[in-house]
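These notes concern the structure reproduced below.
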Amino acid sequence: MNIEVRPATEFDDVAVLVGPKKPTSNVCFCLSYRIPSTENNRLRGAQRADRVRELCHRDPPPGVIAYLDDEPVGWAAVHPRRDTTFARNRLIPHVDDLDVWSLWCVRVRPGHRKQGISHALIKGAVAQAKRLGAPAIEGYPVDNRGEKVNLTMAYVGTRGLFEAAGFTKAADTRSTLDGFPRVLMRLDLRGAQTEPGEGSDVGTPP
């Protein structure tokens, strides 16, 4: 398989992966953590799509996309924590004063799971954060201890998935999902080198 992870600059590809099935729907598009809750609650239907389209033209874009033979098959949301609702989240602590990035959503398109795409997405998100100067990156997955996680809630990832990408547990949180506690996983990027094949194909889009 040829999995390539690229910055999420193509709105149509983002919409395929995290957009609602009905354009008039007021859910998803992975906005609830990315923009202030008041704005998220206010946006309706096409307004949500327009907001995401605008984010795709920003630097940095709202995340990364995994492509399999040029078909979008996976999405990961990654952005500086200071500009997300995690900046003020009372359930997920701040470990220190570093200007960390947050990686909070990993989704793989149905029909493409169990092909290593989640791992590629995390590596690609790490590479993008490092390229743009992040000193560290965090994730907030469930500590499911090997138990099955409801696919609807699996977007946060699992502790094992993040550990496989080199993250280590930095703190407990007061957040739970699907009955499992969430943990704060951290990867320090200061002085780290991206290994060949580990997300190093994420670069500045043409």
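The values are calculated or read from the model by the stated rules, or taken from the named source; none is laboratory data. Because the structure is predicted, anything quoted here is derived from the model rather than measured. Don't worry about glycine lacking a Cβ; one is built from the backbone with ideal geometry, like all the others, and counts go over all protein chains shown. To get the accessible areas, we keep the full protein, side chains included, count just its heavy atoms, and leave off ligands, DNA and RNA. Shrake-Rupley method; radii C 1.70, N 1.55, O 1.52, S 1.80 Å.
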Summarise the accessible area of the chain (1.4 Å probe, protein heavy atoms) by the percent that is carbon and sulfur. 48
From Cα coordinates alone, what are the radius of gyration and Dmax values for the chain in angstrom? 15.9, 45
Rounded to the nearest whole Å², what accessible area per residue is found for the chain with the 1.4 Å probe? 50
Give the long-range amide H neighbours of G63: residues separated by 5 or more places, or on another chain, with amide H under 5 Å away, using H modelled in the peptide plane at 1.01 Å from N. A8, V78
Label model pair D97, V16: point-to-point distance (7 angstrom along the Cα→beta-carbon line) in nm is 4.5
To the nearest 0.05, what FRET efficiency results for V27 and A87 with a Förster distance of 25 Å applied to their C-beta separation? 0.65
Cα extents of the stretch 86-144 along the three principal axes, largest first, in whole Å? 40, 28, 16
From the cross-link list K22/K130; K123/K169; K22/K123; K22/K148; K148/K169; K21/K169, the entries with a Cα-Cα span beyond 26 Å are K22/K130; K22/K123; K22/K148; K21/K169
Just to be sure I understand the model, the point goes 7 Å from the Cα along the line to the Cβ. What's the resulting E39 to N150 distance in nm? 2.9
Pair A46, A164: separation of 7 Å Cα→Cβ label points (nm): 4.2
